[in-house]
1. Taking only protein heavy atoms and a 1.4 Å probe, what accessible area per residue, in Å², does the chain have with all protein chains in place?
2. So what is the relative contact order of the chain, in percent, for Cα pairs below 8 Å that sit 6 or more residues apart?
3. Taking 0.36 nm per residue of sequence separation and subtracting the Cα-Cα distance, how much length would be gained by fully extending the chain between Met135 and His96, in nm to one decimal?
4. For the pair Ile36 and Tyr6, how long in nm is the line joining their label points, each one 7 Å along Cα→Cβ?
5. Taking the Cα-to-Cβ direction at Arg13 and at His25 and moving 7 Å from each Cα, how far apart do the two end points lie in nm?
6. Among Gln12, Gln146, Gln30, which one shows the highest mean-square fluctuation when the chain is modelled as a Gaussian network with alpha-carbon springs under 10 Å?
7. Suppose we flag GluC sites (Glu not before Pro) only when DSSP calls them loop and at most 15 other Cβ atoms lie within 10 Å. Which is the longest uninterrupted stretch of the chain?
8. Ignoring ligands, DNA and RNA, please state the percent of accessible area on the range 1-142 from carbon and sulfur, probe 1.4 Å.
Amino acid sequence: KVAKEYGAKDLQRICAKIAGDEGRHEKAYQSFCTEILKRDPDGLLMEFGDMMRGQIVMPAELMTDGKDAQLYENFSAVAQRLGVYTAIDYAEIIQHLVDHWKLGELTGLSPEAEKEQEYICRLPTRYKKLAERSMNKKKGEEVELQSFSWIFDRKA
């Protein structure tokens, strides 16, 4: 959307391809998990809860330009500031999955799985509150522009 607003047609085309690929990944994972829920709801909840308690590594964390040791952190901060991908988006994705799989409506679970169900169903609200708190703290802060080698060291 941002690329389109600024008339960056090549970037817009690249982003559209990536978005399409991400959409296909989402559909695949939703299908896999829907089938797992039919066969082993306790197992899915236990694994999902464990995954959410752990550190989810984003593939972009591995990007490098050979210059900036904090490249991912800087890139992530700019993306968040511009509204490309925010912590609120992340909370909304989790809420979408909870709703899509109707996790809050599952019954007949083991006590351990019920505990995970409660944890997972509360996560979106928790993450959204944390994100809003963080965004409110940053409102008064001065924005530090970051330069990126792949855009000829222009600052964003």
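The values are calculated or read from the model by the stated rules, or taken from the named source; none is laboratory data. Computed from a predicted structure; not experimentally measured. Cβ placement follows ideal geometry from the backbone for every residue including glycine, while neighbour counts extend to all protein chains displayed. The area values use the complete protein model at the heavy-atom level, side chains included, leaving out ligands, DNA and RNA. Shrake-Rupley method; radii C 1.70, N 1.55, O 1.52, S 1.80 Å.
1. Spelled out: the 1.4 Å probe surface of the chain, per residue, equals 75 Å².
2. For the chain, the relative contact order is 23 percent.
3. 11.9 nm
4. Simple spin-label model gives 3.7 nm for this pair.
5. A separation of 2.3 nm, rounded to one decimal place.
6. Gln12
7. Between the exposed loop sites, the longest stretch runs 1-140.
8. 55 percent
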